[in-house]
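Laboratory data are not the source of any read-out in this text; all were calculated from the coordinates shown. Here the structure is a predicted model, which means the values were calculated and not measured. Every residue, glycine as well, gets a Cβ built from its backbone with ideal geometry; the counts of neighbours run over all protein chains shown.
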Amino acid sequence: MIKAKDVHFYYGDFHALKGVNIEIKEKTVTALIGPSGCGKSTFLRLFNRMNDLIDNTRIEGQCIVDNKDIYSKSIDVDTLRKNVGMVFQKPTPFPKTIYENIAYGLKINGYKDKRKISDIVEKSLKDAALWEEVKDKLQQSAFQLSGGQQQRLCIARALAVSPKVLLMDEPASALDPISTSKIEELIYTLKKEYTIVVVTHNMQQAARISDNTAFFMMGELVEYNDTKKMFLNPEKEITQNYITGRFG
Amino acid sequence: MKQNDKELFLLKEKLSTMWQKVISQVERSKLALFNGDTCIAEELLYIEKEVNSIELSIDKNCENYIALFHPVAIDLRLVLSVMRISLHLERVADYVAGIAYFVKDEDCDSFFKKWKEELGLEEVYTTILNMLTTTWLAFQSEFIDNAKSILQKDIIINVLQDKAFSTLSTNLHNFDNYEIKCAMKTLLLFQKLERTGDHCKNIVEELVFYIDAKSLKHKI
């Protein structure tokens, strides 16, 4: 489903990713872990070409989503971003109503039938485990929601346009334990339908939610393994030192 | 030393102390049994309570460590192994207490003195002590390359138990009521030692899980 083949990435002269090879299976959760600045968020952002928005960057190698090299000239970036949704560390709702936050993406993707839009809004909010909490206040500002609810709203917004892949960059790091637990439950439920890649600094979270874990360090993919294996018996000593907190 | 490492170090130290106490208990139970020394038997029963208390303390420390440090990889394997090994050691100490009661009873002293050599008890004790000491050393050095050979020692104990059973049952028709009762008690004693060997085997499996991250359970 998602592949990286000998991917190198540069911010100007800085070599941020060094020959990363990975194959992520469909409908699984993959956690990207590693110390700050190791390249995991850079790697995540490659898959919906968010790094294109940063000046003076360069990529080598191939990033493949659904058997297509997403950096080939024939790729329409808007379509790619519809298929590969992204959720950020801080919730980023639009300054609109809860309803409009979900409907907005549908409208710019050409949906006009109000009934259909309402159905998708409801389904997306249900899939994001938010419907019961907001069904009576859809016309309220999204800013009136709690941080955890805002984050689930952002997930619902990403789900509304029917992506195949969800990229999440520390989606629960700014949330309290209850909201974090809801997001984790949600990720677990969503993997039945979506391929999910999550960047996290929380080792326990990576262990709890992911099927596979990739450990990055200084731009290199050090180890990519089944999460259970990774957290019980990692192959590389450096991985063990990192996950047990003996790093550096 | 980081707090995490300090906690693990203390946990290992506590298990090591328990281990040494249990080795000493087994050694002294041999002395008590072979010499019919009831004073040592009393002492064994007293120290068994200390072993129980260390086991409880290790349990508590492991619970706290898991709750506070969320261990993974080698740290997780260590804490799980420490919990299980302490349980096995506590059971060994229980069997030693059983032997102490046998000695304190003094009921079958003369019968036991007559048969102990023929039953191969000396070899059973030597094998158990060897297993306990070798595993303790492996735990200290975090290196176990002789797991299979230690595990095979358990087979020696089983063979000796079978031999003892055979020896006593062959002679059963020559025994009077007192001797039959003592033969039964001696076989029960053997069973305690055989179970001790089983626990030593389980300890080896735990060490291999901790050190080499491999499971030997039900494989050898």
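Kirkwood Rh and Cα-based Rg: tell me the resulting Rg over Rh for segment B:1-81, rounded to two decimals.
The Rg/Rh ratio comes out at 1.15.
Stretched out fully, how many nm does the piece from B:GLN191 to B:ASN64 gain, at 0.36 nm a residue minus the Cα gap?
That pair, B:GLN191 and B:ASN64, stretches by 42.1 nm at full extension.
Just want the ordering: A:THR79, A:THR42, A:THR97, from fewest to most Cβ atoms lying within 10 Å of their own Cβ.
Fewest-to-most Cβ neighbours within 10 Å comes out as A:THR79, A:THR97, A:THR42.
Per the Debye formula with a single identical scatterer at each Cα and no solvent contribution, what log10 I(q)/I(0) holds for segment A:105-171 at q = 0.14, 0.29 Å⁻¹?
Taken in order of the listed q values, log10 I(q)/I(0) reads -0.42, -1.41.
How far is the Cα center of segment B:1-70 from the Cα center of segment A:29-55, in Å?
Taking the Cα centre of each part, segment B:1-70 and segment A:29-55 sit 49 Å apart.
When the helices in chain B are scored as -39500 (n - 2.57) per DSSP H run of 4 or longer and the sum is shared across all residues, what 222 nm value do you end up with, to the nearest 500 deg cm²/dmol?
Values: 7 runs with 187 residues, N = 220.
Roughly -30500 deg cm²/dmol at 222 nm, from the helical runs in chain B.
Among DSSP beta bridges whose residues both lie in the protein assembly as shown, state the antiparallel percentage, nearest 5.
Antiparallel: roughly 60 percent of the beta bridges in the protein assembly as shown.
To check you understand DSSP bridge types, tell me what percent of the beta bridges within chain A (both residues inside) are antiparallel, rounded to 5.
Values: 24 of 41 bridges.
Expressed as a percentage, antiparallel bridges in chain A total about 60.
How far, in nm, would the chain grow between A:SER173 and A:THR57 when pulled straight, counting 0.36 nm per residue and subtracting the alpha carbon separation? It would help to have the intermediate numbers written out before the result.
Working: separation 116, 0.36 × 116 = 41.76 nm, distance 2.69 nm.
Once the chain is fully extended between A:SER173 and A:THR57, it gains 39.1 nm.
Which angle between 0 and 90 degrees, to the nearest 10, do you get for helix A:177-190 versus the longest principal axis of chain A when only C-alpha atoms count?
90
In deg cm²/dmol and to the nearest 500, what is the mean residue ellipticity at 222 nm of chain A if only DSSP H runs of at least 4 residues count, each as -39500 (n - 2.57), divided by the residue total?
-10500 deg cm²/dmol, from helical runs alone.
Taking the C-alpha atoms of the protein assembly as shown, how large are the radius of gyration and the largest Cα-Cα span, Dmax, in Å?
Calculated on Cα positions, Rg and Dmax stand at 31.9, 102 Å.
If you project the alpha carbons of chain B onto the principal axes, what extent comes out on each, in Å, largest first?
Answer, in whole Å and largest first: 65, 35, 22 Å.
Summarise the partner chain shielding of B:67-76 as one whole number: the mean count of Cβ atoms from other chains within 10 Å of each residue's Cβ.
Mean partner-chain Cβ count within 10 Å for B:67-76: 6.
Round to a whole angstrom and tell me the spacing of the C-alpha centers of segment A:130-208 and segment B:144-183.
When both Cα centres are located, 64 Å separates them.
If Lys and Arg each add +1 and Asp and Glu each add -1, what is the summed charge of the other residues whose beta carbon sits under 12 Å from the beta carbon of A:LYS123?
Numbers: positive: A:LYS116, A:LYS126; negative: A:ASP119, A:GLU122, A:ASP127, A:GLU193.
Net local charge, A:LYS123 excluded: -2.
Inverting the mean 1/r over all pairs of different Cα atoms, compute the Kirkwood radius of segment A:1-124 and quote it in Å.
16.5
Output the 0 to 90 degree angle, nearest 10, between the alpha-carbon long axis of helix B:73-105 and the longest principal axis computed from the alpha carbons of chain B.
It is inclined by approximately 20 degrees.
What angle do you read, to the nearest 10 degrees and between 0 and 90, between the alpha-carbon axis of helix B:147-171 and the longest principal axis of chain B?
Once rounded, the angle reads 20 degrees.
For chain A, report the convex hull volume of the alpha-carbon atoms normalised per residue, in Å³, without decimals.
126
Given 0.36 nm per residue, what is the gain on full extension from A:PHE94 to A:ASP211 after removing their alpha carbon distance, in nm?
38.9 nm
Which residues among segment B:75-107 fall inside the zone where the amide N is under 20 Å from a point 7 Å beyond the Cα of B:LYS49, along Cα→Cβ?
B:90-105
Please work out the FRET efficiency for the pair A:ILE75 and A:GLN140, using the Cβ-Cβ distance as r and a Förster radius of 35 Å; give the result to the nearest 0.05.
Once rounded, the FRET efficiency stands at 0.40.
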